[in-house]
Amino acid sequence: MSGTALEQRVRHSLRRARRWHPAELAFWLFAAASFVLFPTRFLILNEIAILALFALSLDLILGYAGIVSLGHAAFLGMGAYSAGLFAKFVTADPLAGLAFGMATSALLGLLTSPLVLRGTDLTRLMITLGVALILYEVANSLSWLTGGADGLQGITMAPIFGTFDFDIFGRTAYLYSLSVLFILFLIARRIVNSPFCLSLRGIRDNQLRAAASGVPIPWRLAAIYALSAAYAGAAGALLAQTTQFVSLDVFDFHRSADLMLVLIIGGAGYLYGGLIGAIAFKFLQDAIATFTPQYWMFWIGLFLVLFVLGGRELIHGAIKALVARFPKRRASS
Amino acid sequence: MLTILFDGIAYGMVLFVLACGLSVTMGLMNFVNLAHGAFAMLGGYVTVLLMQRLGLPFLASLPAAFLAAALAGIVLERLVYRPMYAKSHLDQVMFSIGLVFMAVAGTDWLLGSSQQIIQLPPWLQGRFYVFGVGIGYYRLFVIGICGLLAVTLQWGFAKTRFGSRLRAAVDDARVARGLGIPVNRLFALTFALGSGLAGLGGALGIELMGLDPTFPLKFMIYFLIVVTVGGTSTITGPFLAAMLLGVADVMGKYLVPQAGAFIIYTLMVILLLLRPEGLFARART
């Protein structure tokens with residue numbers, strides 16, 4: 001009896017979490033409006049959308065399952081190279097390439113998931129870092145296939161659905177990336193408000209207790225890890241397709257470190273963290289890069305240090321205050 | 001073949017000196033300090049600057065490298081590291097990566113991005129042959145110094161009052177405080193010692209590893225491998241791990257140059273898979 005009552009309460013609370021908050025609607029309306037508002041900034045907007053998708057993917061494992069990763073660039077690079085090679089040798093259709101990039105990354109995630117299931121946070125950080133570095137070396141040494149240090153060149157993309165051609169202003173590219181981001185976000189939103197993700201949070205908060213209540217921990221973690229990998233692969237594929245170029249840079253350590261910073265700025269564990277972080281990060285980078293292009297790294301480091309030392313609460317407080325301004329009529333029903 | 005082995009051992013020895021400081025901070029104090037390489041770079045640059053600008057001899061600049069890095073260690077420990085002790089590993093990782101980025105870009109800005117070279121004194125140049133094995137004087141010198149350091153450290157942690165106090169403070173800081181052990185000062189000293197050793201290692205390693213502003217990023221992974229693979233409860237663990245890594249890396253680069261750093265990364269992943277707690281570590285409770 002109590003079991004069914006509990007079940008109903010869980011269902012009810014999940015359903016409530018699935019409802020759209022007005023702030024969320026405002027966020028996506030603003031994203032859609034960015035086409036009209038910033039007609040000259042499509043290139044950076046496209047970068048933001050891709051980075052946001054990448055951050056979303058890290059948030060899925062870090063924010064919801066508590067798996068730390070210093071090598072998420074492995075999946076970004078995997079997606080980028082497979083989408084790039086796919087376009088070069090199989091077909092130039094973007095959607096097929098996107099699907100292929102996601103599939104290979106998911107497969108890589110599934111194959112490497114046993115690596116992150118063991119050991120402490122520290123071992124995980126090391127192993128994920130190691131996997132990304134290994135892939136970097138592999139991509140570097142397979143230069144007949146990947147172009148090595150010169151990068152993968154000569155990628156041409158066919159129009160999306162056969163009609164929307166990629167233009168040099170990046171308008172189509174941005175529309176494409178934003179649509180992919182939105183669709184994948186909807187799926188992620190559905191997933192994190194599912195019983196599956198409840199069990200993940202249980203694992204994150206207390207593995208022993210989750211195991212005792214019958215959660216098959218390795219399977220759940222492997223599933224979310226592969227999903228996160230697929231998302232990162234999608235980001236990589238978008239990157240390859242919209243820039244029509246892939247270089248070893250996609251596997252670089254700074255990709256993973258930047259990503260961490262993005263999620264730290266935005267906050268992990270509520271999906272929008274990655275998106276907001278990506279916007280803040282790119283504008284910050286853009287602003288700093290205009291007056292000191294060469295030493296951007298110094299400032300990124302300073303931000304990291306200050307954030308961790310105590311700035312994080314300030315920013316998140318500001319975001320929470322902003323969200324709280326919107327009326328919460330729906331929550332009371 | 002044996003020459004490669006010898007070179008690998010020398011390389012491993014330098015790695016050990018570079019990384020053993022990290023094994024102290026990371027292992028004993030349980031602080032993930034990815035910025036360790038920045039202290040090593042500091043030591044390296046102090047040596048380069050002293051030799052190039054002031055014309056100091058190589059041997060005299062080595063203690064200076066140690067002191068400069070140790071001093072930087074004390075100051076930073078006081079100012080920014082101490083508030084980080086209680087935070088999560090992830091925060092510590094982000095924090096120290098931030099420091100690395102600042103160090104890399106800052107050094108680039110101050111001293112340029114080019115590779116630095118030093119002029120070794122004549123008696124450290126060249127090599128001699130024993131039974132067909134080529135032995136470089138400098139590498140022999142490095143092995144001598146680092147071997148001596150390893151023995152001293154092992155003795156210091158196992159036998160001296162400082163060592164036993166430190167071990168007590170690490171095992172249970174509260175009880176150690178209750179017994180009147182100045183835990184904070186002990187940790188600060190240990191941190192300084194670790195940073196100083198990194199600085200010394202950086203100075204010794206210029207000839208073998210090169211020195212440019214990306215040094216902390218390039219070798220971060222090596223230090224981490226030494227510490228995680230070697231475990232952290234003893235000095236012998238990191239020592240053996242550094243030897244293994246040094247020999248494997250040098251051999252890989254000589255015998256299969258196209259594989260690059262692939263070998264050591266794979267080695268690390270495999271070793272960590274087999275022994276997540278490190279090769280020689282006791283399990284953490």
Review point. Can you name every residue in region A:218-237 that is without any contact (Cβ under 8 Å) to a residue 40 or more places away in the chain and surrounded by fewer than 17 Cβ atoms within 10 Å (Cβ to Cβ)?
Key: A:TRP219
Check your understanding: Could you say whether any residue in region B:9-16 is over 21 Å from B:LEU149 (Cα atoms) and in a helix (DSSP H, G or I)?
Key -> no
**Study point:** Test for A:ALA149: is it more than 20 Å from the chain's Cα centre (by Cα), within 27 Å of A:VAL68 (Cβ to Cβ) and not β-branched (Val, Ile, Thr)
**Key:** no
Practice item. State all residues of region A:172-189 that are crowded, with 18+ Cβ neighbours inside 10 Å and either basic (Lys, Arg) or touching a strand residue (DSSP E or B) at 6+ places or on another chain (Cβ under 7 Å) (or both); if no residue qualifies, say none. Key: A:THR172, A:TYR176
**Study point:** Subset of region A:71-86 (residues that are surrounded by 24 or more Cβ atoms within 10 Å (Cβ to Cβ) and either among the aliphatic types (A, V, I, L, M) or within 11 Å of the chain's Cα centre (by Cα) (or both))
**Key:** A:HIS72, A:ALA73, A:ALA74, A:PHE75, A:LEU76, A:MET78, A:ALA80, A:ALA83
Check your understanding: From the set of residues in region B:52-92 that are surrounded by 23 or more Cβ atoms within 10 Å (Cβ to Cβ) and among the aliphatic types (A, V, I, L, M), which is farthest from the other protein chains (Cβ to nearest Cβ)?
Key -> B:ALA65
Review point. When the residues of region A:111-155 are filtered to those that are among the hydrophobic types (A, V, I, L, M, F, W, C), closer than 19 Å to A:PHE245 by Cβ and touching a Lys or Arg at 6+ places or on another chain (Cβ under 9 Å), which remaining residue is nearest to the other protein chains (Cβ to nearest Cβ)?
Key: A:LEU152
Study note, to complete from the structure: Residue pairs qualifying under the 6 Å Cβ cut-off, at least six apart or on distinct chains, with the first in region A:103-127 being acidic (Asp, Glu) and the second being in a helix (DSSP H, G or I) and surrounded by fewer than 21 Cβ atoms within 10 Å (Cβ to Cβ), are A:ASP121/B:HIS89
**Study point:** Residue identified as within 25 Å of B:ASN30 (Cα to Cα), buried (at least 23 other Cβ atoms within 10 Å of the Cβ) and not basic (Lys, Arg) among A:MET126, A:MET102
**Key:** A:MET126
Exercise for review: Answer yes or no as to whether A:ALA230 is part of a helix (DSSP H, G or I) and either at pLDDT below 90 or of a type in the set (S, T, N, Q) (or both).
Suggested key: no
Check your understanding: Would a scan of region B:189-199 turn up a residue that is open to solvent by 20 Å² or more (accessible area, probe 1.4 Å) and closer than 24 Å to B:VAL46 by Cα?
Key -> yes
Review point. Before we move on, is A:PHE298 away from every other protein chain (no Cβ under 14 Å) and over 15 Å from the mean Cα position of the chain (by Cα)?
Key: no
Exercise for review: Report whether or not A:TYR64 is more than 23 Å from A:LEU133 (Cα to Cα) and away from chain B (no Cβ under 14 Å).
Suggested key: yes
Exercise for review: State all residues of region A:190-213 that are of a type outside the set (Gly, Ala, Ser), part of a helix (DSSP H, G or I) and open to solvent by 20 Å² or more (accessible area, probe 1.4 Å); if no residue qualifies, say none.
Suggested key: A:ARG190, A:ILE191, A:PRO195, A:PHE196, A:LEU198, A:ARG201, A:ARG204, A:ASP205, A:GLN207, A:LEU208, A:ARG209
Point to revise | Among (1) open to solvent by 10 Å² or more (accessible area, probe 1.4 Å); (2) in a helix (DSSP H, G or I); (3) within 19 Å of B:LYS218 (Cβ to Cβ); (4) not hydrophobic (A, V, I, L, M, F, W, C), the one test that B:SER113 misses | key: (2)
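The values are calculated or read from the model by the stated rules, or taken from the named source; none is laboratory data. All of these numbers come straight from a predicted model, not from anything done at the bench. Heads up, the Cβs are rebuilt from the backbone with ideal geometry, glycines too, and the neighbour counts pull from every protein chain shown. What goes into the accessible areas is simple: the full protein's heavy atoms, side chains included, and nothing from ligands, DNA or RNA. Shrake-Rupley method; radii C 1.70, N 1.55, O 1.52, S 1.80 Å.
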